[in-house]
Amino acid sequence: MLDIEDGPSAKKHRRNSKAEDAVAAAERRKQLDAERRQLPAWAARDKLLQLLQEHRTLVLVGETGSGKTTQIPQFLLSARFGSIAAPDKPTSDNAGAAGPSDDVKLPFEGPGVVDKHGGFRSPGQAQTNHHTSAGSDGNGVSDHGGAEQQTGRRSIGGSGSNRAGGGAIAVTQPRRVAAMTVARRVAEEMGTKIGDKVGYAIRFEDVTSPSTRIKYMTDGLLLREALLDPMLSRYRVVIIDEAHERTVHTDVLFGLLKGVQARRGDDFRLIVMSATLDTARFVDYFPGAVAALIRGRQFPVRVMYTAKPEDNYLDAAINATLQVHSDEGEGDILVFLTGQDEIDSAERLLRDRLAALQSSRVASPSTCRELLVLPIYAALPPEQQMKVFEPAPEGQRKAILATNIAETSITIPGVRYVIDTGHVKARDYNAKLGLESLAVVPVSQAQARQRSGRAGREGPGKAFRLYTEADFAVLEPTTPPEITRCNLGSVVLQLKAMGIHDVLGFDFMDPPPRAAILRSLELLYALGALDAAGRLTEEVGRRLSRLPVDPMFGRVLLAAMEMGCGQEAVAVVAMVSTENVFHTPRQKEREWRAARLKFVSREGDHLTLLNVFRGFRELPKESNKARTTWCSDNFINIRAMRKAEDIYEQLVRFLGPPSPPGLGLQLATCGEDSTPLRRALTAGLFPHAAKLQPDGSYRVLATGRQVFLHPSSVLLDRKPDCLVFNELMHTTRTYARDAVAIEARWLPELAPAAFAAKTTAAIAGVGVGVGASGGLAPAAAGMGAGARGQVPRGAI
Ligand code: CDP
Ligand code: MG
């Protein structure tokens, strides 16, 4: 396998003299500067800064690609929001011109998206929103009064206020890719090295330094930072970007930031940025917030539907791509698919079809122009991600195969055609069963519109929806916030660790279902993270909250420390935290299956992954060549391995060192004896314990749900009587992925709170009749006496 990082291409640039490099860099910056100034955000700069002087919360709406993410933080920095003092310069001559006004204009001038269904740019919709409308100041931005509207200009953190080191700007992104690509872009625009003035931080990767003023980060990471620094004192401004996505972390941050604001007062600014118009929710939620709109450019987009439903949207997407390529004029194609596997197969199919077309020469002349197929998804290596942003070479056309990452978080220049499969991979959570899953589901109407809109960024475009107009009409209007449909285990744990005891009473913008909160309280209790009164336990809970992994895996790690298999457990958790360790090329199935045999452990997938990790670590770290060869010989993805190694080392740093964030734990090894490791896995994954059924399926003990072993599991040939697994996956059936064989008798011993009912009932003071057979018992008193009873009895 070719490894881009190790390739020879990097060296080519060295031949240029330093002077030539400098000239090229200056040219590039000039060009970037010109590009920046064209962005709609640029026209709104002064007004935005002024609004931010006057209001503690700014809700900023702007069409995707208008420069919110890349420009606003730079404006703040140049106005010294990100460092010492506010600008002295009066902002613009029309200060105060805005304000509640009847003179309401359309929020987006220009043609707007042609969308028969009243897309989000339709005037009617915009006007029904009382908080967002365009003023007449000609400044590209408008505001409507918030409570603080007329309080006059204040100097924010003027030179008098002492905020040593506390002046940075944090910008959150729901996705890691967005944080990385945007940070790189902004560093380039500012002419600095990434990690210097501009940096990014995502889980397991921190590219910042003490001089970092603008820090792009995932929303999950800011939440983690709040754990250690509840006032977020190192930030002067926090920008919650892509707020419309309403990820679970964003929603929790809203609640926390509201508190931070109340306590930090004028020393702190919050900007909520969103690509959709429904700002009312945000404005209502944050006291004294004001909404502003960046007037974007948007060209008309013709939306086309299929005449009848498609059986296979993947095939349909490939056909549509080829058709656009052969029939349509200039412009790149953006195809929305659901995930990496699907994108990989689409890429393969598309290349095969293109090759066939080329050789048969039946294609129309324009098909002979090359089609450059480029994937983009979160797990793609950064170098490859960056490729989609480069313009297609002369005479070529890009076909970008993307997940919903390209919906709003990143803007790819050159796109004129959008192909929307109408599907997305979404998290779903069944609170009753306590099971979380990722499933491919239809998009919402709002998502479909957002996708179509991507075709009209640079000129009139076309969107091909691979579903019927009737199907569109019955789609959900919007996607419900993630917090209402996900496992809240780690969120509840973090709230508890921040001292927010009454999680049910937390000021959520949209409260999650009570049952889901109760479920996670039960889980945390069963894991030993909470005591019977629902308080965080120091021994387990506090430690778990510090570990950057899911509480269940965190519990595996803590148990492993006690059981003398810390090194193995950390390796396993690192391996399951990376994706796609194994290469499985279709054409070489026999070869990769043979190679895999070397690593297979009959005891399960976790141990198999451990064998791979051990094999990799035996090779000297300095020898890239040996590692590359080993990986390619064994059909193993070197990038996944490097990532796993990195996570391994970071987790070791979290667990080992005696001072925080280190937990001061011993990382012993259990050698070749797998029992301690399997026991440690049981101690954390017991809510996912399942028992073999006569028909070859498994039954999850805690919920009674029937699941099937995933076809990729090494246990498939010799199914153990009892196992624990990492996660469930829904396709045609519910599959348990990554499973390891355990002994049923370990369960009551290692997870007494869940499997030894008598003890539990006594501790919890809730006399619910759960049989010794298990089921997660109700947690602390008063937290959840409901939702019992579906527990299968005598299952073990
Ligand atoms: O946040 P918003 O969607 O409003 O826009 P943005 O992400 O700040 O992007 C503004 C412009 O910068 C886009 O139109 C892209 O042309 C460009 N950009 C880029 O070329 N490469 C990136 N990695 C990010 C943005
Ligand atoms: Mg953005």
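Structure values in brief
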read-out: Computed label-point distance, nm, for sites R617 and Q358 using a 7 Å Cα→Cβ extension; value: 4.4 nm
read-out: Gained length - E743 relative to T675, 0.36 nm times residue gap less alpha-carbon distance; value: 23.5 nm
read-out: Residue order, fewest to most surrounding Cβ atoms within 10 angstrom, among H606, H325; value: H325, H606
read-out: Backbone N under 20 Å from the L438 label point (7 Å along Cα→Cβ), restricted to the range 336-355; value: 336-348
read-out: Extension gain, D229 back to D633 (0.36 nm per residue minus Cα-Cα distance, nm); value: 140.8 nm
read-out: Label zone at L597, where the point sits 7 Å out along the Cα-to-Cβ direction: the range 621-641 residues whose backbone N lies under 18 Å; value: 633-636
read-out: Neighbour-count order for S697, S713, fewest beta carbons within 10 angstrom listed first; value: S697, S713
read-out: Within the range 187-251, percent of DSSP bridges classed antiparallel, to nearest 5; value: 40 percent
read-out: Label-to-label distance, nm, for residues given as T468 and R203 (7 Å Cα→Cβ offset); value: 4.1 nm
read-out: Inter-site label distance for E383 and T732 at 7 Å from Cα along Cβ, in nm; value: 4.0 nm
read-out: The range 372-484: C-alpha gyration tensor shape, a/c 1.5 cut-off, then a/b vs b/c; value: oblate
read-out: Ranking of I240, I294 by count of other Cβ atoms within 10 Å, fewest first; value: I240, I294
read-out: Share of Cα-Cα pairs in the range 227-283 lying beyond 18 Å, as whole percent; value: 31 percent
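Coordinate-derived values only; no laboratory data. Everything quoted here is computed from the prediction, not taken from an experiment. Every residue, glycine as well, gets a Cβ built from its backbone with ideal geometry; the counts of neighbours run over all protein chains shown.
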